[in-house]
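Here the structure comes first, spelled out in structure tokens, and everything after it is commentary.
No value in this document is a laboratory result; all are computed from the given coordinates. Everything numeric in this text was worked out from a predicted model, so none of it was measured. Note: ideal-geometry Cβ built from the backbone for every residue, glycine included; neighbour counts use all protein chains shown.
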Amino acid sequence: MKMVIFPLGCLLVILSSYVLRLTPHMAIMSLSATLLVASIYGERRYPALRKFQWIFLGIFHYFSELNWCNMLYYMLIISMIQDKPRLAQTLPISLLLMLQYTLIRLSYVPVDTYALLVSLFDLLTSVVIIFLYHTLINSEVEKRKLREKNRFLTLHDPLTGLLNYEGYMEVLHKTVEEQRSFLLVLLNVNNFSGFKKESEDPWCTVITGTGQMISNHFTEAYGISRYAGDRFAVVLPEIQDVEERVSSLLAVELQGLQVSYSISLYPEMSDSLQHFMTVAEDRLLQQQRSKWLKNEEEVFRSERLRAVGELAAGMAHEIRNPLTAIRGFLQLSRGQAFNIAPWYEVIMGEVTRVTDLTAEFLQFSKPHANHMKPEHLGHCLERVMSLTESDAASRGHQITLEMTNEPVVIIMDRDKIVQVLINLIRNAFEAMTDPGEVHMDLLQDGDAVLISITDTGSGIPENSLSTIFNPFYTTKEEGTGLGLALCQKIVQDHNGKITVHSEMGVGSTFTLHLPMET
């Protein structure tokens, strides 16, 4: 702007001075104006010219003898202070230039009260101009900072300081526009277990730390982004050892985290950026799915090993007791010429106990034989009744059956279901010390069939309800502890479940939930 105002201002003052016939020094005035304008145009190449501009303006003002030069003074003030942000730097410059203007002005006007008051107001005007200038400058600085902050927040993640999804897309588009090939590394943090758990906010700590580690590891990246919660994207120049560097990052800096990643090269994989991103994200999802399946398989394997360990420990414990008794009686028989007659019944009882235990264990642990086929559940329950009525009568108990008249058909191994029901009914008989009642009920509940067996026994303590289906858990002196565990396994093989409800002194109800044939 000053490139236009200074030449026009000098030209108008010269023309005005000529028209008003105020000065005979036209040549000196024109020369000083030329020097002033030349210094304005040449100050970028020769910054030293700025030191002489106030001299050229003073000579021009002195020989023009026109107050209209004050516009040029104000422009020179603004030109000289535009790179000085502090008021303490700009105010003295302004006052000195206006003092120069005042002294020169008083050299060609009568020095009276009016002239002195005008000079005072000129000085005050320069001060006001300086304050207005700083106000405008500070306002523009604040606006610029706000714009920069808004742009930063628009393109960056507030938690990590990395790019957000919009910033990530901007980097991708810019890189594509520059026709550069690049690598896109996508990383997804699957869990945070075992990583800085002592922090008050482990999620924020892990995300922030992960972003910092990725930034430190890939300093040459065009852009690093965090988006979709726990996903990171790194846009890299085409480098040879990217696979090794990612592996090093996961093995060292991000040790303890489960991270899936994919590496894609543009434009080798696709010429279209949108299709390229779709392929890259799909590769990451495939990696996540593969890792998830592997983890699930590992968890399943660990559970199987744990179950096998528990069964083996329980089996060893249960077998040790009868074997210890047999060993003791055999040692006693040694003192009586190996005559085991006094202990024969006890030894045979312990041998029978071991035999029953191993038989139930084998039945529990062997793979389920597939004899599934549609069967009428009513016929199955009637068979159970016929097999248990004599046992109930001999114990003094009464057993009843109630079921719907409509035929109920389910896919089942009939012998296995009969085995479960007989086991539950015998448990009910043994739970009743006095003559009692066992009621078996069949009903439908939507797509499921419910078979409940209710007794009037002493009930099961509440603290035992969660453990009665565990292998080798038993409250019977002669029990193996595998009966209910075997019942649960058979029902689970039929895609069903067993639930139990019990009240102390009232009785217990075991309910089989089995799916109907569809």
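Just a few scattered comments:
- For Asp455, Asp122, order by how many other beta-carbon atoms lie within 10 Å, fewest first: Asp122, Asp455
- Restraint check, Lys2/Lys145; Lys294/Lys497; Lys373/Lys489; Lys2/Lys51; Lys145/Lys174; Lys2/Lys84, Cα-Cα greater than 20 Å: Lys2/Lys145; Lys294/Lys497; Lys145/Lys174
- The stretch 199-285 shape via C-alpha gyration tensor axes, a/c threshold 1.5: prolate
- Structure-derived Cα extents along the principal axes in Å - corresponding label in (i) 154, 52, 50; (ii) 74, 54, 50; (iii) 94, 63, 42: (i)
- Packing-based exposure ordering (other Cβ within 10 Å, fewest first) of Val354, Val171, Val111: Val111, Val354, Val171
- Among beta bridges identified by DSSP and lying wholly in the chain, the antiparallel ones come to about 90 percent.
- Whole-Hz ³J(HN,Hα) from phi, Karplus 6.51 cos²θ - 1.76 cosθ + 1.60, for the stretch 386-399, glycine and proline x: 5, 7, 10, 5, 5, 5, 5, 5, 5, 8, x, 9, 10, 10
- 3J(HN,Hα) along the stretch 92-100, derived from phi through the Karplus expression 6.51 cos²θ - 1.76 cosθ + 1.60 where θ = phi - 60°, amounts to x, 4, 4, 5, 5, 5, 6, 5, 4 Hz, with x in place of Gly and Pro.
- The 3J(HN,Hα) values that the Karplus relation (6.51, -1.76, 1.60; θ = phi - 60°) gives for the stretch 247-258 are, in residue order, 4, 5, 4, 6, 7, 10, 5, 9, 4, x, 9, 8 Hz. Gly and Pro appear as x.
- Under 5 Å, built H, 5+ apart or other chain: amide partners of Gly457: Ser508
- Residue order, fewest to most surrounding Cβ atoms within 10 angstrom, among Asp157, Asp445: Asp445, Asp157
- Low-density loop positions, trypsin sites (Lys or Arg not before Pro), the stretch 35-87 - DSSP coil, at most 15 other Cβ in 10 Å: Arg44, Arg45, Arg86
- The mean sequence separation of alpha-carbon pairs under 8 Å and at least six residues apart, normalised by the residue count of the stretch 165-268, gives a relative contact order of 45 percent.
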